[in-house]
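A.B. asks: Please read through the structure below; I'll follow up with questions.
Read-outs: derived from the displayed coordinates by stated rules, not from any lab. As the structure is a computational prediction, the values presented were derived from the model and not from experiment. Cβ coordinates were reconstructed from backbone atoms using ideal geometry, including for glycine residues, and neighbour counts include every protein chain displayed.
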Amino acid sequence: MLLKHKPLTEHQSDDFPVLAPAPRRRLWHRLPWWQWLVGMFLVVIFLFPFYWVIVTSLNGTDQVLQFPPVFLPHGQWQNYTRAWSEAPWLRYFLNTLFIASVTTLLVLITSLLAGFAFGTMRFWGKSAIFAGFIAMMMIPQTVLLIPDYIVLRDLHWLNTYWAQIVPWGASVFGIFLLRQYFLTFPRELIEAARLDGASEIRFILKIAIPMAKPALITIALYVFLGSWNSFLWPYIMTQSPSVQPIEVGLATFLGTNGTDWTGLSAAVVFTTLPVMILFLVAQRQFLAGAYATNGGVKG
């Protein structure tokens, strides 16, 4: 017996019948109960330290030292105003924002150019040079502190913004990630652009950057967060609060107000909260970039 078909719509064809999409269910609806428990346990472990800092920042000194401990905040907001008034936090924030933003911009430029060259161009010694870049990831940063300090001293860059930006203006991780991404580019697209007379820079600006946007977002977040949380390098290379970032300012505040646990906790909260908000807002783009570049891992 012949089956009667309904008239095909513009989105259907005889060759590929359209099936009704299955309803999408969120991942946690498919998890067994024991994975739920393990996940909630890990969430509590990772979030409890920050929660405890918030509770401490909103309690009085007597409540902080009380035993058994007080697990609920009591709204002592004056701890924040007191901590804010005892250090030039606004200057620290502006310094950190400027350093992290310029460093991220430099890393994106250098990673894009180097990654494009390693991923799409052919030149003598490319494999050896790239292997040298990867080998640099094996060198501990502490080994380079003294030589870098001597170089910056001879350049008269100590206690300046340049000392905190220029040495970190290139990232081996960024170059590696973009090189792997550009390896997945269709060769026909690159050859067609060259036949049309497009220069390498024009190709990068018009085609490569839009297509590599997920990888660039991943690198930008990685570098910005790393620069914001940087401590050891600026602590050694700077002495003046006029150029020091937030982490060095927090360490200075700790050395001056080490027994003021409520004020110190308040300082930790308002110096950590901006970068946590940034990560929570941009985590979807971060994961999208990681997934997009996962398919490009080639030799």
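A.B. asks: In percent, what relative contact order does the range 83-294 have, based on Cα pairs under 8 Å that are 6 or more apart in sequence?
C.D. replies: Answer for the range 83-294 is 37 percent.
A.B. asks: Please list, short to long, the whole-number percent of alpha-carbon pairs of the range 173-282 in consecutive 10 angstrom bins beginning at zero.
C.D. replies: Here the calculated profile for the range 173-282 is 12, 28, 23, 17, 13, 6, 2.
A.B. asks: Report the per residue volume, in Å³, of the convex hull enclosing the C-alpha atoms of the range 164-226.
C.D. replies: Numbers: hull volume 5.6 nm³, N = 63.
Residue-normalised Cα hull volume stands at 89 Å³.
A.B. asks: Taking every pair of alpha-carbon atoms in the range 32-92, give the share separated by more than 16 Å as a whole percent.
C.D. replies: Distances greater than 16 Å cover 60 percent of the Cα pairs.
A.B. asks: Taking other Cβ within 10 Å of each residue's Cβ, how do ARG179, ARG202 sort, fewest first?
C.D. replies: The order, fewest Cβ neighbours first, is ARG202, ARG179.
A.B. asks: Averaged across orientations, what area in nm² does the convex hull of the alpha carbons in the range 123-208 project?
C.D. replies: One quarter of the hull surface, i.e. the mean projection, equals 8.1 nm².
A.B. asks: Compute from the Cα atoms of the range 83-294 the Rg and the Dmax, the latter being the longest Cα-Cα distance, and quote both in angstrom.
C.D. replies: Cα-based Rg and Dmax for the range 83-294 come out at 20.1, 69 Å.
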